[in-house]
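K.L.:
Pasting in a structure now, in structure tokens, and then I'll have a few things to ask.
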Amino acid sequence: MAPISFPKGFLWGIASASYQIEGGWNEDGKGESVWDRFSHTPGKIKRGDTGDVACDFYHRYADDIGLMAELGLNAARISLSWPRIMPAGKGAVNQKGLDFYRRVVDEMLARNIQPWVTLYHWDLPQTLEDAGGWPNRDLAEYFRDYAGVVADALGDRVKHWMAFNEPWIFTILGYHLGIHAPGRHDIGDAIKATHTVNLAQGMAIKAIRESKNRPEAVGTAFSMSPVHPETGSLEDRTAAERWHRFYNKWFLDTVMHGKYPEAYLNGSVEDHVEIRAGDMDLIKAPLDFIGINLYTRAVVAHDSSDRYMGVKQVRPGGEEVTEFGWEVYPQALSEMILHVTKDYPGIPIYVTENGCSYGDGPGADGKVNDQRRVSFLRRFIAEVGHAMKAGADVRGYFLWTFTDNFEWAEGFQQRFGIVHCDFKTQRRIVKESGHWYARLARSGALDFDPVI
Ligand code: GCO
């Protein structure tokens, strides 16, 4: 079987998030974030882990970026901590925060690594949560102002922006399921939060485009999974379609078309979401690219006891899983890419996250031989190639993630990195998957034999 060749100029990067790697949680004028507060609250994170130090990227960024360059990566996705830049979320700007990100970005540029910057990867300033959090519509304006500040300050160096990381996850897990910060349990508030975030997305994208520096491309990184019905029954199939619209398109149809997809079991979106006159015009801001964060697929069944979407998630049974328990289902990636290609023709796609959790650590020889990760990556990246062959315009792949890091409610237990991090000593060891990915990034050729 011939290797799959990716085009010249294809981006081979990694993805990361401020709270998961930086540490320095209260240094140089940084304000408290909802994740600081949440992780400092006993019982919220496994083993009481916090991101206070994490991978200490705040101090070690130059070495880490140097290592990315050694591995031959040509792009890296980072996020900015809003409270590091605006400690209270609005008003005063912390120059030291902006300076830190300037140094990070300059280090990348000096090493020919293209910076791809996400404005928000979940670390909301705690003061804004105290003012009601994302269910409070005012946050859309604060977010727009923050976007303007960073685009003016960094836009001479940063040309590729993402407004949000996984808007669905932080609104639903943060305000409805309570397992992520701020840990609230109110579905009504969660839906309100989704509407504020939709407003914030449209308004921030316009602010970046209108800033004094011209961006090359602005998008968002969406959590996405193809949704499969548990059975072929009409009920399950329509449940799967509702979940697809809610999970995959709630923040995407809005920004692209200025319209919510109909996803509720009963009633239309207007019955459930308070949409004010003019909102949908603020929300619509067609993206220059669509970022797909994908880890697995979703399997669902009809469930009338869920009065909102009428859906429950089920396990397919007997599936291969990662250490997080997520099903390994590589075709999910090509299926999703082709779905997005069909629904939003002509818009370039980037895989903005894909990866897996396996706990392998250093063996007696000091090496980290994480063959399960290599196998996972090989199979998923092959699906990117297959989708491109079938006509999808995919321009880059950002692997989640570089160093093992703070995995939210799981703390340091789930390791997603291609570089092992010893959280006591901060020692880094490039895993076998890291060496494998480096070969791929350098050659653009994936040795994939589906028979193996
Ligand atoms: C997300 C985030 C990342 C996670 C990764 C693994 O998708 O939840 O973007 O911050 O760490 O996805 O769960």
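Every number in this text was worked out from the coordinates using simple rules, so none of it is lab data. The model shown is predicted, which means the values in this text are computed figures rather than measured ones. Ideal geometry is used to build each Cβ from the backbone, glycine not excepted, and the neighbour counts take in all protein chains shown.
K.L.:
For the range 364-452, which trypsin sites (Lys or Arg not before Pro) are in a loop by DSSP, counting at most 15 other Cβ atoms within 10 Å?
P.N.:
Values: sites: K367, R372, R373, R378, R379, K389, R395, R415, K424, R427, R428, K431, R439, R442; in loops: K367, R415, K424, R427, K431.
Listed in order of number, the matching sites are K367, K424, R427.
K.L.:
Based on other C-beta atoms within 10 Å, arrange M336, M280 from fewest to most. Write down the numbers at each step before the final one.
P.N.:
Values: M336 24, M280 17.
So the ranking, lowest neighbour count to highest, is M280, M336.
K.L.:
Between K367 and R442, what is 0.36 nm times their sequence separation minus the Cα-Cα distance? Round to one decimal in nm.
P.N.:
24.8 nm
K.L.:
At a threshold of 8 angstrom on Cα-Cα distance, excluding pairs fewer than six apart, so keeping six or more, what relative contact order does the range 156-306 reach in percent? Walk me through the intermediate numbers first.
P.N.:
Details: 260 pairs, mean separation 43.3, N = 151.
Computed over the range 156-306, the figure is 29 percent.
K.L.:
Using helices alone, I'd like the mean residue ellipticity at 222 nm for the chain: each DSSP H run of four-plus residues gives -39500 (n - 2.57), total over residue count, nearest 500.
P.N.:
Values: 16 runs with 167 residues, N = 452.
Theoretical 222 nm ellipticity from helices: -11000 deg cm²/dmol.
K.L.:
Going by how many other Cβ atoms sit within 10 Å of their own, how do Y61, Y295 line up, fewest first?
P.N.:
Working: Y61 20, Y295 24.
Going from least to most buried by this count: Y61, Y295.
K.L.:
Sticking with this structure for a sec: In the range 139-238, if the dipole is taken from +1 on Lys/Arg beta carbons and -1 on Asp/Glu beta carbons about the Cα centre, which of P182, F170, V150 is farthest to the positive end?
P.N.:
Farthest along the dipole direction, towards plus: V150.
K.L.:
Testing the spin-label approximation: label points 7 Å from Cα along Cα→Cβ at A62 and R103. State their distance in nm.
P.N.:
My value for the distance between the label points is 0.8 nm.
K.L.:
Something else now. Where the centroid of each part is defined by its Cα atoms, how far is the range 370-424 from the range 99-170 in Å?
P.N.:
23
K.L.:
Going by amide H atoms built from the backbone, whose H comes under 5 Å of the H on M162, apart from near neighbours?
P.N.:
Amide H neighbours of M162: V117, T118, L119, G219.
K.L.:
Can I ask one more? Across the range 4-444, what fraction of all alpha-carbon pairs, as a whole percent, falls in each successive 20 Å bin from zero upward?
P.N.:
Percent of pairs per bin, in order: 26, 62, 11, 0.
K.L.:
So what J values fall out for the range 412-417 if you push phi through Karplus, 6.51 cos²θ - 1.76 cosθ + 1.60 with θ = phi - 60°, rounded to Hz, Gly and Pro as x?
P.N.:
Ordered by residue, 3J(HN,Hα) equals 8, 6, 9, 9, 9, x Hz.
K.L.:
Using Cβ counts within 10 Å as a stand-in for footprinting exposure, how do T401, T352, T50 rank, fewest first?
P.N.:
Values: T401 23, T352 29, T50 20.
If I rank by nearby Cβ atoms, fewest first, I get T50, T401, T352.
K.L.:
Work out how much length Q95 to N112 would gain on full extension: take 0.36 nm times their residue separation and subtract the Cα-Cα distance, in nm to one decimal. Intermediate results must be reported in sequence, preceding the final value.
P.N.:
Values: separation 17, 0.36 × 17 = 6.12 nm, distance 2.56 nm.
The span from Q95 to N112 would gain 3.6 nm if fully extended.
K.L.:
Going by amide H atoms built from the backbone, whose H comes under 5 Å of the H on S33, apart from near neighbours?
P.N.:
Q126
K.L.:
Taking the Cα centre of the range 153-195 as origin, sum charge times position over the Cβ atoms of Lys and Arg (+1) and Asp and Glu (-1), and report the length of that vector in debye to the nearest 20. List each step's numbers first, then the result.
P.N.:
On the way: 4 positive and 4 negative charges, 26 e Å.
For this selection, approximately 120 debye.
K.L.:
How big is the dipole moment of the range 293-452 about its Cα centre under a simple scheme where the beta carbon of each Lys and Arg is +1, that of each Asp and Glu is -1, and everything else is neutral? Debye, nearest 20, please.
P.N.:
Numbers: 19 positive and 21 negative charges, 73 e Å.
Charge dipole of the range 293-452: 340 debye, to the nearest 20.
K.L.:
Taking the Cα centre of the range 4-444 as origin and charging only Cβ (+1 Lys, Arg; -1 Asp, Glu), how large is the dipole, in debye to the nearest 20? Walk me through the intermediate numbers first.
P.N.:
Working: 50 positive and 58 negative charges, 206 e Å.
Computed charge dipole of the range 4-444: roughly 980 debye.
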